[in-house]
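Working notes, beginning with the structure itself.
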Amino acid sequence: MIECPLDFEKTKGLIPVIVQDFESREILMQAYLNREAWDESVETSRGVYYSRSRQKLWRKGETSGHYQNLKEVRVDCDNDSVLFLVEQIGGAACHTGHKSCYYRQWKEGALVETDKALFNPEEVYGKSH
């Protein structure tokens with residue numbers, strides 16, 4: 001097992017990870033890591049997360065082909081938050097088909113879509129997603 005600087009005990013087993021584009025520095029998504037996701041991410045240099053809704057590892061891109069190559073990993077001063085700087089393969093990080101999960105802006109009391117989707121999620125994941 002790889003030595004781990006993260007304090008999973010303090011966070012009850014899940015640590016937030018911000019995922020940012022290595023070149024543009026655009027924030028793509030926020031997810032969670034458990035110890036197994038951390039280990040696999042650093043061993044494979046790929047984005048692997050823990051899905052709270054599915055209660056299992058989520059290997060980014062496994063279904064869509066839009067995976068993430070880790071270029072740099074940063075850990076905050078309290079060892080309880082992580083920043084992944086990634087090369088986003090396939091253009092879209094969000095399951096909605098958008099490049100970033102942050103494709104909406106709060107404006108005058110409503111969410112306004114600021115970016116168009118790069119793919120149709122029903123075509124990639126099926127209707128149940």
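Just so you know, all these numbers are worked out from the coordinates, no wet-lab data involved. The structure displayed is predicted, hence computed values, not measured ones. Don't worry about glycine lacking a Cβ; one is built from the backbone with ideal geometry, like all the others, and counts go over all protein chains shown.
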Practice problem: Scan 117, 92 and give me the residue that is among the small types (Gly, Ala, Ser) and within 18 Å of residue 22 (Cα to Cα). | Solution: 92
Self-check item: Which numbered condition residue 34 misses (of (1) in contact (Cβ under 8 Å) with a residue 24 or more places away in the chain; (2) in contact with a strand residue (DSSP E or B) (Cβ under 6 Å, 6 or more places away or on another chain); (3) polar (S, T, N, Q); (4) under 29 Å from residue 118 (Cα atoms))
Solution: (4)
Quiz item: Taking region 37-77 as the region of interest, how many residues are in contact (Cβ under 8 Å) with a residue 24 or more places away in the chain, more than 21 Å from residue 10 (Cβ to Cβ) and of a type in the set (Phe, Trp, Tyr)?
Solution: 1
Quiz prompt | Qualifying positions in region 82-129 - among the hydrophobic types (A, V, I, L, M, F, W, C) and exposed (fewer than 14 other Cβ atoms within 10 Å of the Cβ) | solution = 106, 110, 111, 112
Quiz prompt | Odd one out for residue 109, checked against (1) at negative phi; (2) of a type in the set (Gly, Ala, Ser); (3) more than 17 Å from the chain's Cα centre (by Cα) | solution = (1)
Self-check item: Hits in region 78-107 - residues which are more than 15 Å from residue 33 (Cα to Cα), part of a loop (DSSP other than H, G, I, E, B) and touching a residue at least 40 places away in the same chain (Cβ under 8 Å)
Solution: 78, 93, 94, 99, 100, 101, 102
Quiz prompt | Among residues of region 8-25, those that are assigned to a loop (DSSP other than H, G, I, E, B) and surrounded by 13 or more Cβ atoms within 10 Å (Cβ to Cβ), counted | solution = 4
Quiz prompt | Every residue from region 80-94 that is touching a Lys or Arg at 6+ places or on another chain (Cβ under 8 Å) and on the phi > 0 side of the Ramachandran plot | solution = 91
